[in-house]
Amino acid sequence: MTTHDITITINGEAITATVPARRNLVDFIRQEAGLTGSHVGCEHGVCGACTVEVNGTPVRGCLMLAVQADGAHVTTVEGLADTGRGHRLRAAFQTHNALQCGFCTPGMLASALEYVEGGGTADRTAIREHISGNYCRCTGYQAIVDAIVEVIETGEGA
Amino acid sequence: MSVAKPLPHDAARLHVTGAARYVDDIPLPANTLHLAFGLSQIAAGTVTALDLNAVRRAPGVQGVWTAADLPSDCDCSPSAHDEPLLAGDTILYLGQPLFLVAATCHLAARHAAARALVTYEETDAILTIDDALAAESRFEDGPVVWSRGDAEAAIADAPHRVNGVIEMGGQEHFYLEGQTAAALPQEGGDMLVHASTQHPTEIQHKVADALGLPMHAVRVETRRMGGGFGGKESQGNALAIACAVVAQATGRPAKMRYDRDDDFLITGKRHDFRIAYRAGFDDAGRVLGVDIVQMARCGWAQDLSLPVCDRAMLHADNAYHLPAVRLESHRLRTNTQSATAFRGFGGPQGMLGIERVMDHIAHSLGRDPLEVRRANYYAAARVERVEGGISTKKKQLTPYGMEVSDFILHEMTEALADRCDYAARRARVAEWNAAHPVLKRGIALTPVKFGISFTLTHLNQAGALVHVYQDGSIAMNHGGTEMGQGLFQKVAQVAAASFGVEIGVVKITATDTAKVPNTSATAASSGSDLNGMAVKAACDTIRARMAAHLAAERQADPGAVQFEDGRVVIGSDVLSFAEAAQACYQGRVSLSATGFYKTPKLSWDRKRGAGRPFLYFAYGAACSEVVLDTLTGENRILATHILHDCGRSLNPALDMGQIEGGFVQGAGWLTTEELVWDARGRLRTHAPSTYKIPACSDRPQVFDVMLWDAENREETIYRSKAVGEPPFMLGMSVFHALSDAVAACGPGYPALDAPATPERLLAAVRRVRG
Ligand code: FES
Ligand code: FES
């Protein structure tokens with residue numbers, strides 16, 4: 001198996017490692033950085049549980065190889081919590097019960113954050129379309145949409 | 001008081017920060033081995049040669065096990081001892097584990113497993129219900145039959161009759177977190193297992209059996225699952241046993257996580273059913289007699305199929321009084337994954353059968369299906385009026401002879417029909433359909449009556465352990481597991497209410513077989529009913545001891561000691577709860593207690609199909625409106641209104657979540673979620689790319705959910721009702737709304753099968769056009 005030396009900055013911390021060419025980004029984050037908030041649900045790009053930000057854009061961590069992220073800046077759910085970014089969304093997810101088992105939550109937050117920070121409106125249809133790439137098997141989505149709507153309607157920023 | 005408050009999920013803050021740990025997130029020592037199974041590529045036959053040399057030589061591989069290398073047969077079955085961990089020579093389904101690889105990482109193990117050279121001799125597989133019937137391939141000797149009254153005569157004498165067949169597919173659980181387990185060897189040969197399971201006691205039992213250890217040498221811990229839905233009741237056994245076997249053999253920790261495709265291929269799903277019916281009825285659509293034959297495809301192993309099929313029979317009436325009824329149930333053995341528990345546990349299939357009968361009767365009489373449903377409802381529960389000592393109340397019995405004494409669907413249906421404006425909307429749908437040739441709308445309001453209790457009576461028990469520490473903090477443990485449903489929070493609310501303290505005073509701890517033994521699976525919606533009562537019993541014991549001591553010190557009456565608002569009031573004396581705990585500790589009072597609960601009133605004879613299997617029923621009703629494109633079969637849910645009964649809700653916010661999520665999952669089962677096996681028994685829909693669960697854009701555009709607020713007539717924990725499974729069946733309203741839309745296309749009866757995929761909808765449209 002070919003290996004590569006790569007450096008990825010995760011939540012502000014540069015991590016250098018020798019990895020097999022086929023290791024995907026979410027495994028790198030979980031194994032090399034020890035950050036287990038990003039989850040592996042389907043491993044082929046459908047469920048969205050592995051969604052993280054790479055250079056500011058949400059990416060499926062199971063579809064990107066770690067070597068493709070060499071030199072990139074990655075933000076995970078832990079990084080968001082540390083910097084306070086998205087704190088209103090996190091609060092709304094808690095008060096609206098926008099989570100049950102919580103396995104989809106980190107990926108769902110990443111997608112919701114993109115929508116809110118991108119200036120998305122409180123239009124429920126638009127919100128539903130935006131997050132329909134993230135599966136949740138527990139909640140029926142109602143509370144997730146409610147949480148996002150509330151964040152948009154009640155103030156500035158995510 | 002903390003009960004009945006809409007408190008958020010206890011771990012919500014951990015989830016939004018990524019700090020909540022699932023089994024795969026638990027840090028393990030660097031020498032941990034990672035496991036993968038090699039799977040059979042045929043559905044039936046024998047292995048004639050198994051060449052694993054290339055597997056052993058693959059990078060990172062540390063060991064390979066076949067059936068012959070195991071310490072025992074390592075049975076994984078929850079019931080019939082018919083599930084060896086690894087197939088020997090005989091293959092019973094495509095996807096059956098043949099060998100086990102241990103490697104230095106997850107990927108290395110999977111890549112190695114793919115290198116096996118296996119030679120098979122394939123035989124004809126029994127794949128379908130028809131195959132199994134033809135081959136007489138079954139569990140139990142023959143069909144199970146229960147009857148009440150003379151259904152045959154009632155059908156023959158009835159003014160009208162319908163008959164038909166409905167096929168309904170299975171369902172993949174698609175818990176977002178796949179199956180995972182880890183085992184860590186301990187001193188003296190003991191084993192610690194972390195498992196994503198709804199049933200830690202069973203994992204303990206099966207691991208102990210596999211390793212030849214007593215149960216006390218195995219400890220199983222489960223903090224949380226990333227979803228379960230029944231799929232982690234028995235299907236996690238194999239991973240835990242595999243990890244324990246490798247850990248015992250190598251002395252190294254071992255972890256196993258199924259890749260999603262493997263999870264689909266290996267594990268069981270909801271049973272698919274075929275239900276054939278014949279019904280006789282009067283001019284108003286009231287059923288006079290009905291004969292229902294249920295055929296269930298159970299897969300290769302018995303697993304939980306017998307109680308699942310029993311529950312399907314127990315829900316063959318749903319909300320309807322069937323004066324003369326015959327039920328016949330076939331439990332068919334096939335060369336497919338072992339069908340298993342899934343939210344509702346056979347109940348949804350049984351109910352869909354009788355809902356089809358109601359719909360069919362209404363169509364044949366040209367009546368509104370809701371009118372026919374209501375005409376068939378059980379009699380309303382009412383206060384028993386006793387005149388001259390004789391009750392005038394007419395008892396209505398289910399097909400299995402249990403009296404339905406708590407029936408509230410008349411009021412609920414009335415309230416929901418009002419709230420969603422059913423009658424006017426039904427008229428508007430008809431107008432709309434008259435004006436639109438291509439897009440057709442449909443509307444349906446369907447009820448749910450779901451029996452609460454395990455039908456295996458001995459499972460209706462639970463234990464708890466509660467400690468009060470000398471600083472007044474409280475730790476609580478019980479046998480229930482947390483899979484997202486909010487059980488831990490609800491039970492913590494019960495503990496906090498018992499001691500009159502804030503919820504934050506109560507520490508929720510992981511389910512642990514070393515703390516509470518001999519527990520039942522968290523299943524049958526029974527989690528808070530059973531564990532809430534057990535925790536309350538433990539709290540009551542400690543509280544009584546505290547009250548006795550504090551009262552004695554002050555010559556007060558123990559019965560008058562109050563625990564409220566974080567304080568303990570003894571006559572004119574007021575202590576904080578922490579001061580009270582400290583005083584009791586100083587007074588040498590035991591501040592630790594176990595609690596135990598067993599559900600009362602149950603008596604059930606499953607062979608005869610008679611008795612009282614349930615403590616009570618939970619009720620609900622849903623109305624859905626859909627629009628269907630009759631050229632493509634595409635469809636949308638326009639609106640869903642729900643009224644659901646949780647008794648006196650322990651936590652309305654968590655209960656709403658269960659209702660919304662259950663409905664969407666139920667609608668998924670009946671619409672988009674289609675499992676397809678090919679002619680050789682390979683599951684073709686083995687990943688989310690081909691198996692479609694509802695996404696956010698699939699949910700109803702208008703989604704209105706209300707709780708029906710009325711206390712449980714039975715003495716459950718704070719008079720609440722179970723809420724895990726019942727809302728799943730609210731999804732039936734979507735299926736019947738689609739059938740209603742199809743019926744608008746022509747004179748024929750749609751006879752729609754489930755799931756109602758665009759293909760099936762188009763076929764039904766053609767059928768009604770004749
Ligand atoms: S794990 Fe990446 S999309 Fe599902
Ligand atoms: S909360 Fe369980 S998958 Fe979303």
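Of B:V357, B:V372, B:V429, B:V404, which residue is at pLDDT 95 or above, more than 33 Å from the chain's Cα centre (by Cα) and either under 30 Å from B:E167 (Cα atoms) or small (G, A, S) (or both)? Give the derivation first.
Values: B:V357 fails: more than 33 Å from the chain's Cα centre (by Cα); B:V372 fails: more than 33 Å from the chain's Cα centre (by Cα); B:V404 fails: more than 33 Å from the chain's Cα centre (by Cα).
Sole residue among the options that is at pLDDT 95 or above, more than 33 Å from the chain's Cα centre (by Cα) and either under 30 Å from B:E167 (Cα atoms) or small (G, A, S) (or both): B:V429.
Only a single criterion out of (1) away from every other protein chain (no Cβ under 14 Å); (2) surrounded by fewer than 17 Cβ atoms within 10 Å (Cβ to Cβ) is not satisfied by B:C74, namely (2).
Every listed requirement among (1) assigned to a loop (DSSP other than H, G, I, E, B); (2) surrounded by 24 or more Cβ atoms within 10 Å (Cβ to Cβ) is met by B:V308 save one, (1).
On the basis of being over 20 Å from B:A722 (Cβ atoms) and among the charged types (D, E, K, R), does B:K536 make the cut?
Working: over 20 Å from B:A722 (Cβ atoms): no; among the charged types (D, E, K, R): yes.
Taking the combined requirement at face value, the residue does not satisfy it.
Quick one: which residue in B:R257, B:R252, B:R219, B:R224 is of a type outside the set (G, A, S), within 14 Å of chain A (Cβ to nearest Cβ) and more than 21 Å from the chain's Cα centre (by Cα)? Going through B:R257, B:R252, B:R219, B:R224 in turn, the sole match is B:R257. The number of residues in segment B:42-58 that are surrounded by 13 or more Cβ atoms within 10 Å (Cβ to Cβ) and either outside any strand (DSSP E or B) or within 14 Å of chain A (Cβ to nearest Cβ) (or both) comes to 8. Filtering A:A126, A:A112, A:A122 for residues that are away from ligand 1 (no atom under 13 Å from the Cβ) and under 29 Å from B:G178 (Cβ atoms) leaves a single hit, A:A112. The residues of segment B:171-201 that are of a type outside the set (D, E), crowded, with 24+ Cβ neighbours inside 10 Å and not in a strand (DSSP E or B), listed by number, are B:H173, B:F174, B:Y175, B:L176, B:G178, B:Q179, B:S196, B:T197, B:Q198, B:H199, B:P200.
Being without any contact (Cβ under 8 Å) to a residue 12 or more places away in the chain and of a type in the set (A, V, I, L, M), is that true of even one residue in segment B:435-450? Yes, segment B:435-450 contains a residue that is without any contact (Cβ under 8 Å) to a residue 12 or more places away in the chain and of a type in the set (A, V, I, L, M).
In segment B:96-124, the qualifying residues are those that are in a loop (DSSP other than H, G, I, E, B) and touching a Phe, Trp or Tyr at 6+ places or on another chain (Cβ under 8 Å), and the one that is farthest from B:A296 (Cα to Cα) is B:A116. Once segment B:1-13 is narrowed to residues that are buried (at least 17 other Cβ atoms within 10 Å of the Cβ) and at pLDDT 90 or above, the residue that is nearest to the other protein chains (Cβ to nearest Cβ) is B:A12. Any residue in segment B:645-663 that is facing chain A (nearest Cβ under 8 Å) sitting within a Cβ distance under 7 Å of a residue that is of a type in the set (F, W, Y) and assigned to a helix (DSSP H, G or I)? List the pairs, counting only those 6 or more apart or interchain. Short answer, once both residue conditions are applied: B:G662/B:F728.
Quick one: is B:V220 touching a Ser or Thr at 6+ places or on another chain (Cβ under 7 Å) and of a type in the set (V, I, T)? Criteria met by B:V220.
Scanning segment A:15-43 for residues that are part of a helix (DSSP H, G or I) and surrounded by fewer than 24 Cβ atoms within 10 Å (Cβ to Cβ), which turns out farthest from ligand 1 (Cβ to nearest atom)? Filtering first and then ranking leaves A:Q31.
This table checks each residue for (1) on the phi > 0 side of the Ramachandran plot; (2) buried (at least 24 other Cβ atoms within 10 Å of the Cβ); (3) away from ligand 2 (no atom under 16 Å from the Cβ).
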site	(1), (2), (3)
B:L439	no, no, yes
B:T446	no, yes, yes
B:Q461	no, no, yes
B:V466	no, yes, yes
B:D471	no, no, yes
B:N477	no, yes, yes
B:T481	no, yes, no
B:Q489	no, yes, no
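Among the residues of segment B:500-547, those that are closer than 24 Å to B:R219 by Cα and part of a helix (DSSP H, G or I) comprise B:G527, B:S528, B:L530, B:N531, B:G532, B:A534, B:V535, B:A538.
Here is a check on your reading of the model: is A:T76 buried (at least 23 other Cβ atoms within 10 Å of the Cβ), away from ligand 2 (no atom under 16 Å from the Cβ) and facing another protein chain (nearest Cβ under 9 Å)? Don't jump to the end; show me each part of the working.
Working: buried (at least 23 other Cβ atoms within 10 Å of the Cβ): yes; away from ligand 2 (no atom under 16 Å from the Cβ): yes; facing another protein chain (nearest Cβ under 9 Å): yes.
Here the answer is yes, as A:T76 does meet what is asked.
If you go through segment A:54-69 one residue at a time, do you hit one that is touching a residue at least 40 places away in the same chain (Cβ under 8 Å), facing chain B (nearest Cβ under 10 Å) and buried (at least 20 other Cβ atoms within 10 Å of the Cβ)? No, there is no match, as no residue in segment A:54-69 is touching a residue at least 40 places away in the same chain (Cβ under 8 Å), facing chain B (nearest Cβ under 10 Å) and buried (at least 20 other Cβ atoms within 10 Å of the Cβ). Taken residue by residue, segment A:117-130 has no member that is within 24 Å of B:E482 (Cα to Cα), away from ligand 2 (no atom under 16 Å from the Cβ) and within 12 Å of chain B (Cβ to nearest Cβ). Can you confirm whether B:A375 is surrounded by 24 or more Cβ atoms within 10 Å (Cβ to Cβ), in contact with a Gly (Cβ under 7 Å, 6 or more places away or on another chain) and over 30 Å from B:D678 (Cβ atoms)? In short, no. Considering segment A:131-158, the residues that are among the polar types (S, T, N, Q) and within 11 Å of another protein chain (Cβ to nearest Cβ) include one that is surrounded by the most Cβ atoms within 10 Å (Cβ to Cβ), namely A:T139. Selection over segment B:617-644 of residues that are within 14 Å of chain A (Cβ to nearest Cβ) and hydroxyl-bearing (S, T, Y) gives a count of 2.
Do you know which of the residues in segment B:689-718 that are surrounded by fewer than 20 Cβ atoms within 10 Å (Cβ to Cβ) and within 16 Å of ligand 1 (Cβ to nearest atom) is nearest to the other protein chains (Cβ to nearest Cβ)? Selected residue: B:S689. Among the candidates A:G41, A:G37, A:G12, the residue that is more than 19 Å from A:A72 (Cβ to Cβ) and touching a residue at least 24 places away in the same chain (Cβ under 8 Å) is uniquely A:G41. Evaluated against (1) under 23 Å from A:T3 (Cβ atoms); (2) more than 16 Å from ligand 2 (Cβ to nearest atom); (3) in contact with a Gly (Cβ under 9 Å, 6 or more places away or on another chain); (4) of a type outside the set (F, W, Y), A:R22 falls short on exactly one condition, (3).
The values are calculated or read from the model by the stated rules, or taken from the named source; none is laboratory data. Just so it is clear, the structure is predicted and the values come from calculations on it, not from any experiment. FYI the Cβ positions are ideal-geometry reconstructions off the backbone, even for glycines, and counts take in every protein chain you see.
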